[in-house]
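Engineer: Below is one structure. I have some questions about it.
The values are calculated or read from the model by the stated rules, or taken from the named source; none is laboratory data. Not measured: the values here are computed from a predicted model. Using ideal geometry, Cβ is built from the backbone for each residue, glycine included, and neighbour counts are taken over all protein chains shown. To get the accessible areas, we keep the full protein, side chains included, count just its heavy atoms, and leave off ligands, DNA and RNA. Shrake-Rupley method; radii C 1.70, N 1.55, O 1.52, S 1.80 Å.
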Amino acid sequence: MGSFTTHRLRAHDRTRSPVQRFGALRTCLAEFAPYGFHATYHHLCRGAGIPAEPEMDSEAVVRAVEELHAAREIWLAEFHGWQVRRRAQKAAGIRVPDPPEPRRRLLCPDPESHPAEPLAAVMPRILRAPAGDLAECPVCGAGRGTKSWHDGFTEHRLCAGCGVSLAGRPTEPAPGVEAARAERWRLVWRRRI
């Protein structure tokens, strides 16, 4: 697999077919997905207006990959600063990073429930989110309430406003729930919903 930058350029390459360009976007998502792969995929397809048939609007892929790229640039700038500080800490004999590595993502386990704002607007809030279970949503703040969402293996406590997982606990497999979630994901994958 090539780098994010290589596949971003492939998504821009008009000599490639729209399907190949769309495949390049999906490869970029495999490397950087601020809400997790499924929710980030849904967010970009919805936000950029990628149709079920990429040939109908090949420039939608460019809009999506650029939104993802803008968020990644924000994370990279923070990460590079952290790397410099971490090297100095290691040279000083400090073995536990302080502060910890900047977050790349906040999981939105329900692919259809994620923040609606552009990724670049949400990325600074993701970077500032504390590690572990969250008492309040770092994206939309307190007061929106929570909802429960089960993926078949884990019960998540989601922010009712934006779908960010605040906490999750493993549960026994629920075959009916798992099958329903898998079918819903197939519809999202094909850009039918």
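Engineer: Using square roots of five times the C-alpha gyration tensor eigenvalues, list the equivalent-ellipsoid semi-axes of region 88-193 in whole Å, biggest first. Intermediate values should be presented prior to the final figure.
Structural biologist: On the way: eigenvalues 178, 59, 43 Å².
Equivalent-ellipsoid dimensions as semi-axes: 30, 17, 15 Å.
Engineer: In addition: Probe radius 1.4 Å, ligands and nucleic acids ignored: give me the carbon and sulfur share of the accessible area of the chain as a rounded percent. Working shown, then result.
Structural biologist: Numbers: 5410 of 10050 Å².
Here it works out to 54 percent.
Engineer: For every helix of n ≥ 4 consecutive DSSP H residues, a contribution of -39,500 (n - 2.57) applies; sum these over the chain, divide by its total residues, and give [θ] at 222 nm rounded to the nearest 500 deg cm²/dmol. Mind showing how you got there, number by number?
Structural biologist: Values: 6 runs with 93 residues, N = 193.
Value at 222 nm, helices only, nearest 500: -16000 deg cm²/dmol.
Engineer: What's the whole-number percent of alpha carbon pairs in region 31-94 lying beyond 15 angstrom? List each step's numbers first, then the result.
Structural biologist: On the way: 1234 of 2016 pairs.
I get 61 percent for the Cα pairs in region 31-94 exceeding 15 Å.
Engineer: Turning to a different aspect of this structure: Between K90 and A135, 0.36 nm times their residue separation minus their Cα-Cα distance comes to what? Display every interim value, and only then the final one.
Structural biologist: On the way: separation 45, 0.36 × 45 = 16.20 nm, distance 3.16 nm.
Computed gain between K90 and A135 is 13.0 nm.
Engineer: Roll a 1.4 Å probe over the protein chains and send me the accessible area per residue for the chain in Å².
Structural biologist: On a per-residue basis, 52 Å².
Engineer: Let me ask something else about it. Can you tell me the dipole magnitude for the chain around its Cα centre, using point charges on the Cβ only (Lys, Arg +1; Asp, Glu -1), in Debye to the nearest 20? Don't skip to the end; give the middle numbers.
Structural biologist: On the way: 29 positive and 22 negative charges, 94 e Å.
In total the dipole reaches around 460 debye.
Engineer: For region 1-157, what is Rg from Cα atoms divided by 2.2 N^0.38 Å, rounded to two decimals? Before the final figure, lay out each step's value.
Structural biologist: Numbers: Rg = 17.5 Å, N = 157, 2.2 N^0.38 = 15.0 Å.
Here the Cα radius of gyration is 1.17 times the empirical estimate.
Engineer: Okay, next question. Dipole of region 34-193 (Lys/Arg Cβ +1, Asp/Glu Cβ -1, origin at the Cα centre): which of H69, A142, P118 lies farthest to the positive side?
Structural biologist: Farthest along the dipole direction, towards plus: A142.
Engineer: Here's something else I'd like to know. For a Förster distance of 30 Å, can you work out the FRET efficiency between the beta-carbons of E59 and E183, rounded to the nearest 0.05? The partial results should precede the final answer.
Structural biologist: Numbers: r = 30 Å, r/R0 = 1.02.
For R0 = 30 Å, the calculated efficiency reads 0.50.
Engineer: Please compute the modelled spin-label separation between R169 and Q83, points set 7 Å along Cα→Cβ, answer in nm with one decimal.
Structural biologist: Using points 7 Å along Cα→Cβ, the separation is 4.0 nm.
Engineer: In addition: Go through M56, F153, P97 and say which Cα lies farthest out towards the positive end of the charge dipole of region 54-171; charges sit on Cβ, +1 for Lys and Arg, -1 for Asp and Glu.
Structural biologist: P97
Engineer: Using 0.36 nm per residue of separation minus the Cα-Cα distance, give me the extension gain between A160 and S148 in nm, one decimal. Before the final figure, lay out each step's value.
Structural biologist: Details: separation 12, 0.36 × 12 = 4.32 nm, distance 0.88 nm.
Taking A160 through S148 to full extension adds about 3.4 nm, to one decimal.
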